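Every number here is computed from the coordinates shown, using simple stated rules; none is lab data. Computed from a predicted structure; not experimentally measured. Virtual Cβ from ideal backbone geometry, glycine too; neighbours counted across all protein chains shown.
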Amino acid sequence: MFGLSDIIKFLFSFFLIMPIVTLIHLSGHIFFVTIFGGSEKKILIGCGNKLFAFRNIEVRKYYFWNGTCEFKGLKHDNRLTNTLIYLGGAIFNLISMLIIYSLVYQNILDSSVIWYQFIYFSFYVMFFSLFPMYFSDGSPSDGKAAELALRNKLEDRVTDDIFVKKMEDDDDSCK
């Protein structure tokens, strides 16, 4: 029913596939930040001490646990642009799921548990990022932030995975 090979697949998914899904999600936010003129963009994968950085991507010690993106300001800053930034992560997760599904369906990729786990984790991240709720720390999910942005009721643009740095803020800690 549940053997050693299943545990190995789970660990592979948890330590490799989930961080990739997180990177795709955060890249969606950064994509829209870039389109709307954001500066000093940075993606942080995980929490804890910095392991290494490549360009604007920083990988932390607990790379498999969450992630965030940071940026300063937007040239085009309004309800629509903010909404697209909040939804960007889920949009990228959906696109990546459809691409993988299409490649498996067309037999370009072999049908494999890896691709099913990729789609599963992508759906999981997409669903819970879009679910309109507040987290225990008071930050809104991406879906809640998008709703509030559209209604022009979003007071602070920080969500569980997006952090807008103030111009004088140079703190490099894991948000």
Loop-exposed GluC sites (Glu not before Pro) per DSSP, neighbour cap 10 Cβ within 10 angstrom, longest uninterrupted part of the chain: 1-154
Which label in (1) 12.3; (2) 11.8; (3) 23.9 gives the computed mean projected area of the Cα convex hull in nm²: (2)
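Antiparallel versus total DSSP beta bridges in the chain: what percent is that, nearest 5? Before the final figure, lay out the partial values.
Numbers: 11 of 17 bridges.
Looking only at bridges with both residues in the chain, the antiparallel portion is about 65 percent.
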Cα centroid of region 1-23 to Cα centroid of region 65-79, whole Å: 30
Helix 113-130 axis, angle to the chain major axis (alpha carbon atoms, nearest 10°): 30
Among Ile20, Ile30, Ile114: highest mean-square fluctuation, GNM of the chain, C-alpha pairs under 10 Å: Ile114
Sum of -39500 (n - 2.57) over DSSP H runs of 4+, divided by residues of the chain (222 nm, nearest 500): -15500 deg cm²/dmol
Region 44-175, dipole about Cα centre (Lys/Arg Cβ +1, Asp/Glu Cβ -1), debye to the nearest 20: 180
Burial ordering of Met133, Met126, fewest other beta-carbon atoms within 10 Å first: Met133, Met126
Leu150 paired with Ser111, simple spin-label distance in nm, labels 7 Å along Cα-to-beta-carbon: 3.7
Choice from Lys75, Lys144, Lys41 showing the highest fluctuation, given a GNM over the chain with Cα pairs closer than 10 Å: Lys75
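On a 25 Å Cα-Cα criterion, which of the cross-link pairs Lys42/Lys75; Lys61/Lys153; Lys9/Lys41; Lys50/Lys144; Lys42/Lys144 come out too long? Mind showing how you got there, number by number?
Values: Lys42/Lys75 17 Å; Lys61/Lys153 36 Å; Lys9/Lys41 34 Å; Lys50/Lys144 30 Å; Lys42/Lys144 23 Å.
In this structure, Lys61/Lys153; Lys9/Lys41; Lys50/Lys144 lie more than 25 Å apart at Cα.
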